[in-house]
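A.B. asks: Mind looking over this structure? Questions follow.
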Amino acid sequence: MTNTLTQEQTLTDQKPRLGFLGVGWIGRHRMEAMLATGQVSAAAIADPSAEMLQAAALVAPQAKCVSNLDELLAEDLDGIVIATPSAQHAEQSLRALQAGAAVFCQKPLGRTAGEVRAVVDAARAADRLLGVDLSYRETKAMQAIRALLQSQQLGTVMAVDLTFHNAYGPDKPWFYDKTLSGGGCVIDLGIHLVDLALWALDFPKVVGITSHLLAKGQPIRSRTDAVEDFGVATLELASGAVIRLACSWGLHAGRDCVIGASFFGTEGGAEMRNVGGSFYDLSAERFSGTSSERLVDPPDEWGGRAAIGWARQLSQSARFDPAAERLIDVTEIIDRIYETARL
């Protein structure tokens, strides 16, 4: 593949040409968000579904419609955006990077830390930008809380509680096949919680992990092929602080979902929570003793913000960003959650 970005080039009159692999709802939404920046262009789109291709072509009528990654890689592309089933993410990212394209991929980047490490290594070797759609980082609510943590306004953090309960299970069969998904609610929803905690606290050292995973109300320690629909884990940090997380599919939550991230320090606390059971409306508050202060209220159009950030970064440089190394840290914690549940 001939890449239109040199390693040091800042684009002016030519936008990076992107290929979009998988243009279902989320892939199409991310494409719309990227194109709305005006800093990248859609050169080609690929999806096995003629219906999905037709819908995506309405968003990017100038893009060439193709069937698969092989045909995308035959185009002159600067980057590939991947929104396919989880089992395909690592292999497809590797192929794109090795062909000289930058990559933005839906989470999880891989089903295991080994898969993720291989992709990060390939991005480093190719000197190509790599991003993953860990979108909750980009919410105004979490940005406000992280600013408090970074400025040490909450003092020394002692405890973090994170929750993502979904009253619905995924609607695609591959989610329930561990060989395809890598796991259940932990790798689907818990990955957001692990990422938020580590990112907000500047990736502290985790010295201990305990976890419990259930499928249909039963522990899955000995059922290695089972996909969990409920998981809880405790992470002990080198500082002595404790992170607790819980996630689930199909929980009788009384609403569509329950999302929360609470941080408690010696000088105060702060919490992000969803409003009215919404997947998208998030608020943030700061706590001091028995009083609270509202920091952020919805609305906040955050869903495509990670994709937008990657597109803008690519328009300036296609080179490898060392921040991608942190993707390995997050997935190693996910691996350890699964491993300790089987002990």
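A.B. asks: From Cα pairs below 8 angstrom and at least 6 apart in sequence, can you work out the relative contact order of the chain, rounded to a whole percent?
C.D. replies: Relative CO of the chain lands at 21 percent.
A.B. asks: Let me ask another. Leaving out ligands, DNA and RNA but keeping every protein chain, what accessible area does residue 192 have, in Å² rounded to the nearest 10, with a 1.4 Å probe?
C.D. replies: 20 Å²
A.B. asks: Could you compute the FRET efficiency for residue 273 and residue 174, with r as their C-beta to C-beta distance and R0 at 25 Å, rounded to 0.05?
C.D. replies: Once the sixth-power term is evaluated, E becomes 0.25.
A.B. asks: Please compute the length gained on full extension between residue 244 and residue 312, using 0.36 nm multiplied by the number of residues separating them and subtracting their Cα-Cα distance.
C.D. replies: So the chain would gain 21.0 nm between residue 244 and residue 312.
A.B. asks: With the cut-off at 1.5 for a/c, could you classify the stretch 1-131 from its C-alpha gyration tensor as rounded, prolate or oblate?
C.D. replies: Note, shape of the stretch 1-131 comes out oblate.
A.B. asks: Restricting to the stretch 150-291, what percent of DSSP beta bridges are antiparallel, rounded to 5?
C.D. replies: Expressed as a percentage, antiparallel bridges in the stretch 150-291 total about 85.
A.B. asks: Then there's this: With each run of n ≥ 4 DSSP H residues scored as -39500 (n - 2.57), what mean residue ellipticity at 222 nm is computed for the chain after dividing by its residue count and rounding to the nearest 500 deg cm²/dmol?
C.D. replies: -9500 deg cm²/dmol
A.B. asks: Related question: Per the 1.4 Å probe, what fraction of the accessible area of the stretch 70-228, in percent, lies on carbon and sulfur atoms?
C.D. replies: It is 50 percent, rounded to a whole number.
A.B. asks: Once the other residues with Cβ under 10 Å from the Cβ of residue 94 are scored (Lys, Arg +1; Asp, Glu -1), what is the net sum?
C.D. replies: Here the count lands on -2.
A.B. asks: Then there is this: Taking +1 at the Cβ of each Lys and Arg and -1 at the Cβ of each Asp and Glu, which of 310, 299, 279 sits farthest along the dipole of the stretch 276-337 towards its positive end, judged by Cα position relative to the Cα centre?
C.D. replies: 310
A.B. asks: Treating each Cα of the stretch 89-168 as an identical point scatterer and ignoring solvent, apply the Debye formula and state log10 I(q)/I(0) at q = 0.25 Å⁻¹.
C.D. replies: -1.05
A.B. asks: What is the magnitude of the charge dipole of the stretch 134-240 about its Cα centre, with +1 placed on the Cβ of each Lys and Arg, -1 on the Cβ of each Asp and Glu, and no other charges, expressed in debye to the nearest 20?
C.D. replies: 80 debye
A.B. asks: While we're looking at this one, here's another question. Show 181, 41 ordered by accessible area, largest first, where the area counts protein heavy atoms only and the probe is 1.4 Å.
C.D. replies: 41, 181
A.B. asks: Holding the Cα-Cα limit at 26 Å, pick out from 15/172; 64/178; 178/216; 107/178 the pairs that are longer than that. Intermediate results must be reported in sequence, preceding the final value.
C.D. replies: Working: 15/172 35 Å; 64/178 34 Å; 178/216 15 Å; 107/178 15 Å.
The answer is 15/172; 64/178.
A.B. asks: Out of 113, 100, 168, whose Cα points farthest toward the positive end of the dipole of the stretch 79-183 (charges: +1 Lys, Arg; -1 Asp, Glu; placed on Cβ)?
C.D. replies: Comparing the listed Cα positions along the dipole, 100 ranks first.
A.B. asks: Separate question: If 30, 146 are ordered by their accessible area, calculated over protein heavy atoms with a 1.4 Å probe, which sequence runs from highest to lowest? Can you show the working numbers first?
C.D. replies: Numbers: 30 20, 146 60 Å².
My answer, sorted largest first, is 146, 30.
A.B. asks: Separate question: Among 166, 68, 274, determine the one that fluctuates most according to a GNM of the chain built with springs between C-alpha atoms less than 10 Å apart.
C.D. replies: With Cα springs under 10 Å in the chain, the top fluctuation among 166, 68, 274 is at 68.
A.B. asks: Between residue 216 and residue 76, what is 0.36 nm times their sequence separation minus the Cα-Cα distance? Round to one decimal in nm.
C.D. replies: 45.6 nm
A.B. asks: Something else: Using DSSP, restrict attention to beta bridges with both residues in the chain and report what percent are antiparallel, rounded to the nearest 5. Display every interim value, and only then the final one.
C.D. replies: Numbers: 43 of 70 bridges.
Of the beta bridges lying entirely in the chain, close to 60 percent run antiparallel.
A.B. asks: Accessible surface of residue 117 in the full protein assembly, 1.4 angstrom probe, to the nearest 10 Å²?
C.D. replies: 90 Å²
The values are calculated or read from the model by the stated rules, or taken from the named source; none is laboratory data. Computed from a prediction, not measured in an experiment: that's the story for all the values here. Positions of Cβ are backbone-derived with ideal geometry, glycine not excepted, and every protein chain shown enters the neighbour counts. Keep in mind that these areas ignore ligands, DNA and RNA; they rest on the heavy atoms of the full protein, side chains included. Shrake-Rupley method; radii C 1.70, N 1.55, O 1.52, S 1.80 Å.
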